[in-house]
Amino acid sequence: MPKQILIVDDEKIVCDMAQRILTQEGYDVEAFIDSTQALDRIRNKQFDLVVTDLKMENVDGMAILKEVNQLYPDTKVIMLTAYATLDAAIEAIRERIFDFFPKPVKIEDLKRSVKKALGS
Amino acid sequence: MRILFAGDEQPYSAYALKEAAKLAMNTWADMTLLGIQPGGGAAAAVDPALNLALTRYRESFLNAWEGEDSPYAMTNWQYEWLPVKEGVLEEKLVCRGSKKDFKVRLRLGNVAAGILAEAREGGGDLIVLGCSRSGGSQWAGSPGVPQKVAADAECSVLLVKEEQPITRILACLDQTHVSQSSLEILNQMVTLHGAQLEVIGLNPEGGLKKEVYTRLIEVGDYYQERNIKVTTRITEIADFENFIAKETQQDLLALWMGKKSLLQRFFPRDWVGRFVAKSQTSVMVMR
């Protein structure tokens with residue numbers, strides 16, 4: 001059974017690109033540009049990996065990370081951010097994040113990180 | 001993001017490492033610390049002074065993080081079979097499991113060529129190196145290294161001249177090529193230093209081209225949308241050298257490089273090297 005990945009990013013282009021690339025890699029991918037909908041989905045289904053943007057309207061990436069950690073300690077989280085916020089990287093690691101990327105993310109780097117996270 | 005720090009045993013390299021570490025901490029960059037030993041030969045002994053410097057840089061970089069907070073922390077020790085020579089394997093205890101790559105490397109040979117080759121082969125996004133503030137921005141014993149690296153690298157280059165606060169970043173635009181990576185690296189530098197950002201359009205004789213002016217506005221808007229206070233202004237390209245010499249004090253001078261650079265046409269011969277040498281403060285060449 002393919003590994004289950006959820007992607008949430010309010011930039012549609014990032015969402016679409018990541019979904020297309022990871023689907024090509026053989027993963028089962030669900031993508032959301034609305035973080036509230038993504039959070040609802042997370043509450044109803046366990047994913048192997050969640051790829052989330054940090055700054056989003058409504059629910060931000062840190063809230064997604066905390067929710068995933070609370071509900072599914074085995075689910076890995078990769079965070080993307082286009083903002084050079086101080087201390088976000090430190091806070092992310094304290095919240096048991098698997099990987100952290102400032103945007104723009106290179107496709108190869110994302111693929112490599114996903115592979116590492118899923119042990120595939 | 002991949003950062004390549006190139007260092008020798010001089011104090012400016014220690015300053016540059018601090019900048020590289022700050023950037024790495026905020027971006028979880030894959031990191032390579034590189035030493036270059038002039039001379040050749042595969043079996044050459046490592047110069048003790050350079051060896052000591054690289055050891056200090058490694059310790060200083062890794063100690064910048066607190067324990068488990070480091071994405072470079074090695075947590076997964078395991079035995080693996082590794083080849084020791086043709087037809088022979090040995091079971092060795094190795095440590096894997098860091099979230100991000102961290103390497104310390106030594107190259108032998110020409111210094112600038114070695115740095116450029118490492119960045120190219122390792123897919124570097126940013127090269128960070130130090131250089132002397134006085135005497136035309138030099139690396140000890142290797143003339144023209146910072147100038148050559150800044151001019152010929154395929155990625156962005158940060159030249160750290162001295163440990164000093166950066167209170168203002170002067171980002172100069174004379175053409176339309178502005179990559180997303182360059183915007184983000186500049187964003188990081190502004191945030192890390194809490195610096196003011198000033199975007200400067202360089203005006204050639206006959207006036208700024210419409211498309212360059214439009215790009216200048218777009219760059220300003222990009223940062224304003226991210227709540228970064230930015231001012232824009234236009235300065236004459238003919239006065240640029242004077243501007244650098246006079247205005248840059250506690251500043252970072254940042255230059256966007258593109259194939260259609262007006263500066264290249266205005267100062268055709270080694271203009272990047274010329275400005276790197278002329279500037280009294282740190283310089284970032286963005287690609």
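A few notes on this one:
- Candidate set: segment B:8-36, residues that are in a helix (DSSP H, G or I) and among the hydroxyl-bearing types (Ser, Thr, Tyr); chosen: the one most open to solvent (accessible area, probe 1.4 Å): B:15
- So residue A:30, is it charged (D, E, K, R), modelled with pLDDT of 90 or more and under 14 Å from the mean Cα position of the chain (by Cα): yes
- Residues located in segment B:178-203, provided they are touching a residue at least 40 places away in the same chain (Cβ under 8 Å), in a loop (DSSP other than H, G, I, E, B) and more than 18 Å from residue B:257 (Cβ to Cβ): B:195
- Residues that are assigned to a helix (DSSP H, G or I) and in contact with a Gly (Cβ under 9 Å, 6 or more places away or on another chain) were ranked within segment B:146-161; the one that is most open to solvent (accessible area, probe 1.4 Å) is B:148.
- Single match in B:141, B:109, B:123 (criterion: on the phi > 0 side of the Ramachandran plot and within 14 Å of another protein chain (Cβ to nearest Cβ)): B:123
- Number of residues in segment B:57-77 that are modelled with pLDDT of 85 or more and polar (S, T, N, Q) equals 2.
- Qualifying residue in segment A:18-30 (condition: within 14 Å of chain B (Cβ to nearest Cβ), over 28 Å from residue B:126 (Cα atoms) and open to solvent by 10 Å² or more (accessible area, probe 1.4 Å)): no
- Test: residue in segment A:71-94 that is open to solvent by less than 40 Å² (accessible area, probe 1.4 Å), part of a loop (DSSP other than H, G, I, E, B) and under 15 Å from residue A:18 (Cβ atoms): yes
- Test: residue in segment A:84-102 that is within 22 Å of residue B:26 (Cα to Cα), more than 10 Å from every other protein chain (Cβ to nearest Cβ) and in contact (Cβ under 8 Å) with a residue 60 or more places away in the chain: no
- Taking the criterion of being surrounded by fewer than 12 Cβ atoms within 10 Å (Cβ to Cβ) and either away from every other protein chain (no Cβ under 14 Å) or of a type in the set (Lys, Arg) (or both), the residues of segment B:176-213 that qualify are B:205, B:206, B:207, B:210, B:211.
- Residue B:92 being open to solvent by 20 Å² or more (accessible area, probe 1.4 Å), more than 30 Å from residue B:162 (Cα to Cα) and within 14 Å of chain A (Cβ to nearest Cβ): no
- Residue in segment A:32-53 that is open to solvent by 60 Å² or more (accessible area, probe 1.4 Å), in contact with a helix residue (DSSP H, G or I) (Cβ under 7 Å, 6 or more places away or on another chain), closer than 17 Å to residue A:117 by Cα and among the charged types (D, E, K, R) present: no
The values are calculated or read from the model by the stated rules, or taken from the named source; none is laboratory data. It should be emphasised that the depicted structure is a prediction, and the values quoted were computed from it without experimental measurement. In this analysis, Cβ positions are derived from the backbone assuming ideal geometry, glycine residues included, and neighbour counts consider all displayed protein chains. Ligands, DNA and RNA are excluded from the accessible area calculation, which covers all protein heavy atoms including side chains. Shrake-Rupley method; radii C 1.70, N 1.55, O 1.52, S 1.80 Å.
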